[in-house]
Amino acid sequence: MIQTILLKNRPKGTPSPADFEFIKEEDNLTVEDGQLLLETLYVSVDPYLRGRMSDAKSYVEPFELNKPIHSGVIAKVLESKNDNFKEGDYVSGMLDWKTKQVSSGKGLQKVDPSKADLSAYLGILGMTGLTAYCGLIEIGKPKEGETLVVSGAAGAVGSVVGQIGKILGLKVIGIAGSDEKVELLKSKFGFDAGINYNTTENMTKAIAEAAPNGVDVYFDNVGGPISDAVLFNINKFARTVNCGAIAVYNNTEIPKSISVRPFLIKNSASMQGFIVSNFEDKFPQAIKTLSGWLADDKLTYSETIVEGFENIPQAFIDLFDGKNKGKMVVKI
Ligand code: NDP
């Protein structure tokens, strides 16, 4: 039998298991000329999928109700009638949350399990690694000796941003949700300091103490009150990279926030949002650089691997509870 996960309801507030529906179908898939039969091996669950589950206007179409959800997937080619792929190849692409599926091959890229773990192509060598690299380099414009603050620092994007900051000679401060994560930032990822936002009463003061010279680059993965606190500490010509706003993705009302304009004006500072696909032309160079740093042990990564197709929705929901360290991936 083939299993599929459909979007049953548009979540209100935090997503719940009831928003997803599992269906089973007979395995009678057939492959026509130009097509491939794929077996799903790893599924990426990502905070941005929350946006696609609502029907608000965004940079991509929302998921349709009662249709399969899709995200980054690593799959094995079981059968191929497409000249670009052969049986036994491993591929990465945006695919449905299905245990098996037929694809035209469009948008699929071959991945090499001898060069990196397959799951790494969903993280450090995939979308989140590219987000970290392109967002920091292209928008953050980091310079040696500057101070970089990263929120969501122990997650897939944040943990890579901080390490790149260290490689480039910046002082790096990470903000994360537990003491264990703060310890990981320092011991595994080489951050200079970490702040647990769940146990810190005055975030503005804690950031000022950790960054006595002020903040030159803020890589923002979370939005909300944490990011407001960073603003009080920015330097002249500071750059804020608006990568994500997970703190407000489940809000049902427009969030209240401080006005950012006076901070930007008096510091001649900038704030720029981005979508990783804006930088598609930079991807080959970015992957080359990230792979090189990995091979030279300048960069490392963490993954939280949840096992079982049936656990995909819960793994996704758990992102909003900070249950992951590094990239959250589901192994099928
Ligand atoms: P993560 O691996 O960082 O997982 C999400 C983390 O967010 C959790 O582990 C949790 O860590 C933290 N978190 C959850 N709720 C809150 C909250 N209310 N306040 C503060 N932190 C919270 O995910 P990714 O690395 O995949 O993504 C990070 C961000 O980057 C997301 O906002 C995502 O949407 C965005 N993104 C943007 C892209 C783009 O193109 N612009 C592309 C990819 C990702 P903790 O325990 O520390 O709270």
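In segment 201-253, what count of residues is obtained for those that are crowded, with 16+ Cβ neighbours inside 10 Å, of a type in the set (S, T, N, Q) and under 21 Å from the mean Cα position of the chain (by Cα)?
Going through segment 201-253 one residue at a time, the tally reaches 4.
Quick one: is S178 polar (S, T, N, Q) and within 9 Å of the ligand (Cβ to nearest atom)?
When the stated conditions are applied, S178 passes them.
Considering segment 135-144 alone, what residues qualify as being within 13 Å of the ligand (Cβ to nearest atom) and surrounded by fewer than 23 Cβ atoms within 10 Å (Cβ to Cβ)?
E138, I139
Take segment 281-332 and flag every residue that is acidic (D, E) and within 13 Å of the ligand (Cβ to nearest atom).
E303, D318, D321
Given (1) surrounded by 20 or more Cβ atoms within 10 Å (Cβ to Cβ); (2) farther than 27 Å from E144 by Cβ, identify the lone condition not met by I305.
All conditions pass for I305, except number (1).
Scan V241, V172, V248 and give me the residue that is more than 15 Å from the ligand (Cβ to nearest atom), in contact with a Gly (Cβ under 8 Å, 6 or more places away or on another chain) and within 27 Å of Y301 (Cα to Cα).
Step by step, each of V241, V172, V248 is checked, and only V172 is more than 15 Å from the ligand (Cβ to nearest atom), in contact with a Gly (Cβ under 8 Å, 6 or more places away or on another chain) and within 27 Å of Y301 (Cα to Cα).
Of everything in segment 265-282, what is under 20 Å from V161 (Cβ atoms), exposed (fewer than 15 other Cβ atoms within 10 Å of the Cβ), out of contact with any strand residue (DSSP E or B) (no Cβ under 9 Å at 6 or more places or on another chain) and of a type outside the set (G, A, S)? Give them in sequence order.
Correct list: I275, N278, E280.
Taking W293 and the conditions (1) closer than 30 Å to F22 by Cβ; (2) open to solvent by less than 40 Å² (accessible area, probe 1.4 Å), which numbered condition does it fall short on, given that it satisfies the others?
(1)
What's the number of the condition G194 fails, among (1) away from the ligand (no atom under 13 Å from the Cβ); (2) surrounded by 16 or more Cβ atoms within 10 Å (Cβ to Cβ); (3) part of a strand (DSSP E or B)?
Result: G194 fails condition (1) only.
Which of the numbered conditions does I254 fail, given that it passes all the others? Conditions: (1) near the ligand (Cβ under 9 Å from one of its atoms); (2) in a loop (DSSP other than H, G, I, E, B).
Unmet for I254, out of (1) near the ligand (Cβ under 9 Å from one of its atoms); (2) in a loop (DSSP other than H, G, I, E, B): (1).
Considering only segment 257-280, state which residues are assigned to a loop (DSSP other than H, G, I, E, B) and either within 16 Å of the ligand (Cβ to nearest atom) or at negative phi (or both).
S257, I258, S259, V260, N267, A269, F274, I275 - these are the residues of segment 257-280 that are assigned to a loop (DSSP other than H, G, I, E, B) and either within 16 Å of the ligand (Cβ to nearest atom) or at negative phi (or both).
Looking at K327 and the list (1) of a type outside the set (G, A, S); (2) touching a Ser or Thr at 6+ places or on another chain (Cβ under 7 Å); (3) free of Cβ contacts under 8 Å to residues at least 40 places away in the same chain, which single condition is not satisfied?
Failing condition for K327: (3).
Does L185 satisfy the condition of being within 13 Å of the ligand (Cβ to nearest atom) and open to solvent by less than 30 Å² (accessible area, probe 1.4 Å)?
Spelling it out, L185 is indeed within 13 Å of the ligand (Cβ to nearest atom) and open to solvent by less than 30 Å² (accessible area, probe 1.4 Å).
Would you mind telling me which numbered condition in (1) touching a Lys or Arg at 6+ places or on another chain (Cβ under 8 Å); (2) away from the ligand (no atom under 16 Å from the Cβ) D117 fails?
(1)
State the number of residues belonging to segment 13-56 that are charged (D, E, K, R), under 30 Å from G244 (Cα atoms) and part of a strand (DSSP E or B).
1
Quick one: would you say T199 is closer than 29 Å to A56 by Cα and not charged (D, E, K, R)?
No; evaluated as a whole, the condition is false for this residue.
Can you tell me which condition K115 does not meet? The list is (1) open to solvent by 10 Å² or more (accessible area, probe 1.4 Å); (2) modelled with pLDDT of 95 or more, and all the others hold.
Going through (1) open to solvent by 10 Å² or more (accessible area, probe 1.4 Å); (2) modelled with pLDDT of 95 or more one by one, K115 breaks only (2).
Go over the candidates G88, G93 one by one and state the one that is modelled with pLDDT of 95 or more, in a loop (DSSP other than H, G, I, E, B) and open to solvent by less than 70 Å² (accessible area, probe 1.4 Å).
Going through G88, G93 in turn, the sole match is G88.
Given the conditions (1) away from the ligand (no atom under 16 Å from the Cβ); (2) in contact with a strand residue (DSSP E or B) (Cβ under 6 Å, 6 or more places away or on another chain); (3) among the hydrophobic types (A, V, I, L, M, F, W, C), report the number of the one that A208 does not fulfil.
(2)
The values are calculated or read from the model by the stated rules, or taken from the named source; none is laboratory data. Only a predicted model underlies this, so the values are computations on that prediction, with no experimental measurement involved. Don't worry about glycine lacking a Cβ; one is built from the backbone with ideal geometry, like all the others, and counts go over all protein chains shown. Heads up: the accessible areas ignore ligands, DNA and RNA and are worked out on the full protein's heavy atoms, side chains in. Shrake-Rupley method; radii C 1.70, N 1.55, O 1.52, S 1.80 Å.
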